Amino acid sequence: MKKINLVIILFLSINMFAQQNDNYSAKIDSLIKNTNPRSFNGVVLIQLDGKVKYSKAFGYTDFNKKTPLKITDHFSTMSIAKQITATLILQQAEKGTIDLNIPIRNYLPDLKYNWADTITIYQLLNHTSGLDSENLDKPLKFVSGTAFSYSNVGYYLAGKILEKQSHKSYQELVTALFKKCEMKNSYYPTQSNSTFLTKGHTIKKDGTFKLNEHSYFTPEEYFASHLIVTAPDLAKWDECLHNGKLLKSATYKMMTNYSITNVHPLFGKKPIGYGYGLRINDKDSINEIGHTGFHPREGFTAVNLYYPKTKTSVIVMENQANENFDIAYYFEQEIRAIVKQTNLLK
């Protein structure tokens, strides 16, 4: 009898522990109520192997009009666009129209900079080119290929090579790619579809906000920093990219391998790998692939995380960005921590 009782107690304990671990929905709901160190305004989507496990919107599309957000509202990808550009370039590499390992001078012969004779597309994609983040005219920060330095203009150059070698505009390429992934509510930004974009809010250090009526991203920045997506469509993107629908297995492996590491506050204090438009966290107990997006001028913050073992996407998109970078990713970090403690990723 004692043995039976012990078995029952053990079973109940394990079951209770599992329920506590999987109570991520209530934990996220409770977290979102926090107003310290800041408030949350955005959407959260968790999808496991094609099935939505959590999908909620919190806050407003416009802080002044108090129009409630919906899970299907449109956000800027910001730097999450880099993995889309990288994928398109890798598709051209598979066709033989782009060689990742030759100097970019071969593709952009009119570039006035001497570094065009040494920098490769590979180095543009994994931020080892040495280029400044925003300005092509500044000297290289280091010898190309020897260190990591995040560069948006590096992706601009990669995007121009993509257009030249594919003989198609970035708009055409992105539109076809989104169609292939059945991302019916996501777009290359145009004057007409940009009206769908949720308004961004810049949260100033004194706690006040600036409503951004319009986006100031230019087409030159789209390769690295701006496409229009919904959270459900971004989950479809993850399904396509990470499950062999867009790249050959060898190419995908190349995209998700790395030769350089870098620290990002969302992922903790230890350096993790950077592939092609993707951060690769393969030293933790759970393999994690993802990227962030943050732009205080435009007023958007985003995180897209993917866990290959269980095919789980964790997507957080906010139409606000805090000028105090120390708390910019507060909710994204906490939601990531909650999910990593559940059985979703086991």
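No value in this document is a laboratory result; all are computed from the given coordinates. Computed from a prediction, not measured in an experiment: that's the story for all the values here. In this analysis, Cβ positions are derived from the backbone assuming ideal geometry, glycine residues included, and neighbour counts consider all displayed protein chains.
Can you tell me the order of 41-54, 289-302 when each peptide is scored by its average per-residue count of other Cβ atoms within 10 angstrom, highest first?
Working: 41-54: 19.2, 289-302: 23.1.
Ranked by mean Cβ neighbours within 10 Å, highest first: 289-302, 41-54.
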Given the range 34-157, what whole percent of its Cα pairs are spread farther than 17 Å? 68 percent
What nm distance separates the two modelled labels at ASN257 and ARG38, each placed 7 Å from Cα along Cα→Cβ? 3.8 nm
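Find the all-direction average of the projected area of the Cα convex hull for the range 173-299, expressing the result in square nanometres with one decimal place.
9.8 nm²
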Which aspartates and glutamates, if any, have their Cα less than 16 Å from the Cα of LYS184, not counting same-chain residues under 8 positions apart? ASP73, GLU172, ASP233, ASP238, GLU239
Give, as ranges by residue number, the residues of the range 233-252 whose backbone N falls under 19 Å from the point 7 Å along Cα→Cβ of ASP284. 235, 238-239, 242
Under Stokes-Einstein, the range 224-346 at 25 °C and 0.890 mPa s, with its Kirkwood radius over C-alpha pairs, diffuses with a coefficient in µm²/s of 162 µm²/s
Farthest positive-ward along the range 26-345 dipole, Cα basis, beta-carbon charges - from ALA302, MET317, THR342: THR342
From zero outward in steps of 5 Å, how is the percent of C-alpha pairs of the range 131-216 spread across the bins? 3, 11, 13, 13, 15, 18, 14, 10, 3, 0
When the helix-only estimate is applied to the chain (DSSP H runs of n ≥ 4, each -39,500 (n - 2.57), divided by the residue count), what is the mean residue ellipticity at 222 nm, nearest 500 deg cm²/dmol? -10000 deg cm²/dmol
May I have the extent of the alpha carbons of the chain along their three principal axes, as whole Å values ordered from largest to smallest? 83, 50, 37
Could you work out how far the C-alpha centroid of the range 83-103 sits from that of the range 123-184, in angstrom? 11 Å
Modelled label-to-label distance, GLU172 and ASP137, 7 Å Cα→beta-carbon offset: nm? 3.3 nm
Which of the residue pairs LYS95/LYS248; LYS53/LYS311; LYS53/LYS309; LYS82/LYS236; LYS53/LYS346; LYS82/LYS340 have a Cα-Cα distance greater than 18 Å in the structure shown? LYS82/LYS340
